[in-house]
Each structure stands twice: as C-alpha cells, then as structure tokens.
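K.L.:
Before we start, here is the structure in question, set down as structure tokens.
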Amino acid sequence: MNLRNYLVLAGVTVFAAAGDSMLSHGMKQVGSISLNHLQGVIFAILNPWVAVGIVLLLAFFATYMTALSWADLTYVLPATSLGYVLLALAARFLLHEHVSPLRWLGIALITGGVGFVAGGPALTEHLDRETAGVTAEGRAAAGVGAVKS
C-alpha cells in the first residue's frame, strides 16, 4: 500500500459519510416522497443539500471502484467502514440526531475490526496455474477447460 491507495480509501470513507449526511439533511427539508409521483422525486433532487449529497455519493462510487480495482472487496469494505464513525459523528453533532449508547458500542466494535483487516494483505495472492503444476493438459485430463492446439 502506498500513499495514493490510502488517499483513495480515505476518499471512499469521507465521500460516503459526507454524501449520506447531506442527503439526509436535504431529505428532512423536502419531506416524504413517493416513487409514484415523479415530480416529488425531481423536486427532491433539486434541493441543494440533496444535489450535493448525490454528487458526493457519485464521488464515493468513483473512489470505491478505484479501490476495488487494486484490492479485494474483503479488504476495501472493512477498511472504509470507518465511515460509520464519521457518519455517527456527523449525525450527532451536525444533524442533531440521537445516537444511542448501543450504537456507539457497535461503532467501537467496527473500528476495532478495521484494525484486524488493515493488518492483512490488500490483495489475495493467486498462484499462477503453470507454476502450481496445473497445466492445460492436466486440466483437460481432469475434464476441466479445453486444451489449445
């Protein structure tokens, strides 16, 4: 892992938490909407907080896809789960939501789990079939795959 990879993971974490927070704030302003009424959905998207939230969530998806291009899902998802901590802090102090002690405990457990995941490799190493002694002919003899002529 290099600095660029850490910045991508930080981007995933921050963009997700910020986007969700903005979206939540905007939707509280808009109120209840229904997919049956398209004009209400469009009205919601035009809310500045919702629009910024959508842009930040698009940035989240871009950085998430980037992270998945060089690391395993089992590494990226837990490593970016620190966003739950940021989200809880934003919900509590910016959106003035009540975060119960049980939720704080869950967030602490998630944070602890991130430490376990961060200690492992970012990408699972796969053995090359030729160096592992599995040749195309051997796969064909076992009935797996086709042999190139």
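K.L.:
Count, please, the residues in the range 7-19 that happen to be within 18 Å of PRO78 (Cβ to Cβ) and either crowded, with 18+ Cβ neighbours inside 10 Å or modelled with pLDDT under 90 (or both).
P.N.:
Of the residues in that region, 9 qualify.
K.L.:
Still on this model: Restricting to the range 1-50, count the residues that are more than 22 Å from PHE93 (Cα to Cα) and among the charged types (D, E, K, R).
P.N.:
1
K.L.:
Could we say that LEU95 is outside any helix (DSSP H, G or I), in contact with a helix residue (DSSP H, G or I) (Cβ under 8 Å, 6 or more places away or on another chain), surrounded by fewer than 17 Cβ atoms within 10 Å (Cβ to Cβ) and touching a residue at least 24 places away in the same chain (Cβ under 8 Å) here?
P.N.:
yes
K.L.:
Any residue at all in the range 27-45 that is over 25 Å from TYR84 (Cβ atoms), in contact (Cβ under 8 Å) with a residue 12 or more places away in the chain and either in contact with a Cys (Cβ under 7 Å, 6 or more places away or on another chain) or surrounded by fewer than 14 Cβ atoms within 10 Å (Cβ to Cβ) (or both)?
P.N.:
Scanning the range 27-45 turns up no residue that is over 25 Å from TYR84 (Cβ atoms), in contact (Cβ under 8 Å) with a residue 12 or more places away in the chain and either in contact with a Cys (Cβ under 7 Å, 6 or more places away or on another chain) or surrounded by fewer than 14 Cβ atoms within 10 Å (Cβ to Cβ) (or both).
K.L.:
Now, a different point. Across the range 106-126, what is the number of residues that are assigned to a helix (DSSP H, G or I) and either under 24 Å from ALA18 (Cβ atoms) or of a type in the set (Val, Ile, Thr) (or both)?
P.N.:
12
K.L.:
Something else: Of the conditions (1) out of contact with any Leu (no Cβ under 7 Å at 6 or more places or on another chain); (2) modelled with pLDDT of 95 or more; (3) farther than 29 Å from ALA122 by Cβ, PHE61 satisfies every one except a single condition; which number is it?
P.N.:
(3)
K.L.:
Looking at (1) without any contact (Cβ under 8 Å) to a residue 40 or more places away in the chain; (2) surrounded by 14 or more Cβ atoms within 10 Å (Cβ to Cβ), find the lone condition where ALA59 falls short.
P.N.:
That leaves (1) as the condition not met.
K.L.:
Tell me, which helices (runs of 4 or more DSSP H) wholly within the range 1-89 include 3 or more residues that are in contact with a His (Cβ under 6 Å, 6 or more places away or on another chain)?
P.N.:
Once the helices (runs of 4 or more DSSP H) in the range 1-89 are filtered for at least 3 residues that are in contact with a His (Cβ under 6 Å, 6 or more places away or on another chain), nothing remains.
K.L.:
Quick check: is even one residue across the range 4-17 free of Cβ contacts under 8 Å to residues at least 40 places away in the same chain and on the phi > 0 side of the Ramachandran plot?
P.N.:
Scanning the range 4-17, I find no residue that is free of Cβ contacts under 8 Å to residues at least 40 places away in the same chain and on the phi > 0 side of the Ramachandran plot, so the answer is no.
The values are calculated or read from the model by the stated rules, or taken from the named source; none is laboratory data. Only a predicted model underlies this, so the values are computations on that prediction, with no experimental measurement involved. Neighbour counts are summed over all protein chains in view; Cβ atoms, including those assigned to glycine, are modelled from backbone coordinates with ideal geometry.
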